[in-house]
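Here is the structure we will look at, set down as structure tokens.
Each value in this text was obtained by applying a stated rule to the coordinates, not by laboratory testing. Computed from a predicted structure; not experimentally measured. Please note: Cβ atoms are built from the backbone with ideal geometry, for glycine as well, and neighbour counts cover all protein chains shown.
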Amino acid sequence: MKTMKRSTLVIALLALVIVVAAGLWLTRKPAEPGAADKAAPAAKGPAQRPALTVSVAKPEATELTVTLAANGNVAAWQEAVIGSESNGLKLAEVRVNVGDTVKKGQVLAVFSPETVQADIAQARASLAEARASAADAAGNAARARTLQATGALSQQQINQYQTAEQTAKARAEAAEAVLAAQQVRGRNTQVLASDDGVISARTATVGSVVAAGTELFRLIRQGRLEWRAEVTSAELGRIAVGTPAFVVSASGAQVKGKVRSIAPTVDPQTRAALVYVDLPNVQQNTGVKAGMFARGDFELGRSAAPTVPQSAIVPRDGFNNVFTLLPDNRVAQLKVQTGRRLKDRVEITSALPEGVQIVVQGAGFLNDGDLVRVVDATPTAATPPATPATPAASAAVAK
């Protein structure tokens, strides 16, 4: 009995499965004709579009300046020390300060002249007294010589009068020398500039009593500065007297100078020699001061070199790169080395393929292998920014 019930249940389940399968078969939609053909293009995807519209150019040969870089200090061409020639006098007036331009013979400071004037007056009085004595002795000697023939005076007395005359004359000359020395002291109460130039230092203080030889001022003679460039012995032969040089100070000020002289010896420690470059007037170049450290370039001549526009150089990962155009309108990234610059053009020192075309406009938005559309560069003063050709450009920039 139980076996019969189990067989009936199995038959019912099989019938149910057959009914469900038949229903699913009847409800399915027939396949559309050509569906397989439509699926094939969909698998291939849409045709790739250019990532960016760019302009290209070939490297041009440009005449550039050949330079030699160097570093060095800026110093005064010659510095004069102006000191006191008076001893024990009080400084009454200081008429100049640091940075003032002065002329040769200009009064820089004045000492109190009262003591010197009193000494001059005393020297004049002593001179007058000595001259009076000399005149009296000369008269006595003249009278003695007139009486020599008469025998009224002995030869010894006549010699005494003549000796007295010579002694008085010598005393008068000594008094004149003393007066002259006092007058020199009087002139030294005024401190004068020894040359044209610019005051670079001042230690003179009103009211101080200084000894002879004490430094009061320092003067940059004729306002001239020089750049003392250090050049290696290997490069020294490329520089000659008269070579132009551009000096750039730490503040960014640029000054053009000219080589005045080259040191005859080389430092045995650094193997470098000093090259002295004359700079223009210090007052006309406020950005260049004595004591500054400056870099500069010597202009050694001119030469032709391949150059590309500045916009074609793309710095990435610490290197300079350019994008070259391939025959299939794709670009290839090429690492290059740059050199000299002239306005908006940059020298390429590394080797470039012959006939290569460099992407100029839009190079900064590209990646290696991008497909581009090439247009002619517009000859305008300012190159407009690159315009993406399709929305795909946004994806290129995002990369």
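Between A211 and A118, what is 0.36 nm times their sequence separation minus the Cα-Cα distance? Round to one decimal in nm.
So the chain would gain 31.5 nm between A211 and A118.
Mind giving me the nanometre distance, one decimal, between the label points for A80 and R228, set 7 Å out from Cα along Cα→Cβ?
Going from the A80 label point to the R228 one covers 2.1 nm.
With a Cα-only, solvent-free Debye model of segment 79-202, what are the log10 I(q)/I(0) values at q = 0.21 Å⁻¹?
-1.06
Could you calculate the contour length gain from V374 to I18, that is, 0.36 nm times the residue separation minus the distance between their Cα atoms, to one decimal place in nm?
Roughly 121.5 nm would be gained on extension.
Quick one: V372, V56, fewest Cβ neighbours within 10 Å first, how do they rank?
So the ranking, lowest neighbour count to highest, is V56, V372.
If one computes the Cα centroid of segment 341-367 and of segment 192-263, what distance in Å separates the two points?
Computed from Cα coordinates, the inter-centre distance equals 43 Å.
If you average the sequence gap of Cα pairs under 8 Å that are 6 or more apart and divide by the length of segment 79-202, what percent do you get for the contact order?
Averaging sequence separation for qualifying contacts and normalising by length gives 48 percent for segment 79-202.
Of the listed peptides 224-231, 185-192, 328-335, 267-274, what is their order by residue-averaged count of other C-beta atoms within 10 Å, with the highest listed first?
My ranking of the peptides, most packed first, is 224-231, 185-192, 328-335, 267-274.
What aspartates and glutamates could a cross-link reach from K104, if we take a straight Cα to Cα line under 16 Å and drop same-chain neighbours fewer than 8 places away?
Of all the aspartates and glutamates, those that pass the test against K104 - Cα under 16 Å, at least 8 places apart if same chain - are E79, D195, D196.
Which entries in K58/K343; K258/K343; K103/K256; K256/K343 show an alpha-carbon gap greater than 21 Å?
Distance filter (> 21 Å) returns K258/K343; K103/K256.
Which three numbers, in whole Å and largest first, are the semi-axes of the equivalent ellipsoid of segment 120-276 derived from its Cα gyration tensor as √(5λ)?
Each semi-axis is the square root of five times an eigenvalue, giving 68, 23, 12 Å.
Starting from the Cα-Cα distance between R341 and T203, subtract it from 0.36 nm times their residue separation and give me the gain in nm to one decimal.
44.9 nm
State, as an integer percentage, the relative contact order of segment 65-136 based on alpha-carbon contacts under 8 Å between residues 6 or more apart.
Computed value for segment 65-136: 24 percent relative contact order.
Place the peptides 339-346, 153-160, 73-80 in order of packing, highest mean first, counting for every residue the other Cβ atoms within 10 Å and averaging per peptide.
Going by the mean number of other Cβ atoms within 10 Å, highest first, we get 73-80, 339-346, 153-160.
Taking the Cβ of L219 as the center, what net charge do the other residues with Cβ under 13 Å away carry, scoring Lys and Arg +1 and Asp and Glu -1?
+1
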